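Below: the structure, in structure tokens.
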Amino acid sequence: MKARLEHANLAVRDVDATLRFVTTAFPDFRVRREGKTWRGWRWLHVGDDDVYLALNEAPGAPGASFRAR
């Protein structure tokens, strides 16, 4: 059986800068969906029809917005 990665979630400080990097590295990728979380933080999915990266805005100091569960 061959392993396949469908998507990965990434917390990033600058969604636009990360989007520019990803679409430069993977020219076939496009923004598939985007929106805001209940806290007002931006998110988007960038990829093709088979795989994507979920870019989640993480404002503040590293780790400040997320708690271990």
Check your understanding: Among the residues of region 17-33, is there at least one that is under 11 Å from Glu57 (Cα atoms), in contact (Cβ under 8 Å) with a residue 24 or more places away in the chain and touching a strand residue (DSSP E or B) at 6+ places or on another chain (Cβ under 9 Å)?
Key -> yes
Exercise for review: Taking only region 34-63 into account, find how many residues are in a strand (DSSP E or B) and touching a residue at least 12 places away in the same chain (Cβ under 8 Å).
Suggested key: 12
Exercise for review: Kindly indicate whether Ala11 is at pLDDT below 90, aliphatic (A, V, I, L, M) and either part of a loop (DSSP other than H, G, I, E, B) or in contact with a strand residue (DSSP E or B) (Cβ under 8 Å, 6 or more places away or on another chain) (or both).
Suggested key: no
Study note, to complete from the structure: Being among the β-branched types (Val, Ile, Thr), part of a helix (DSSP H, G or I) and more than 10 Å from the chain's Cα centre (by Cα) narrows Thr23, Thr18 down to just Thr23
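The values are calculated or read from the model by the stated rules, or taken from the named source; none is laboratory data. Source: prediction; values computed, not measured. No Cβ is skipped: glycine too gets one built from the backbone with ideal geometry, and neighbour counts run over all protein chains shown.
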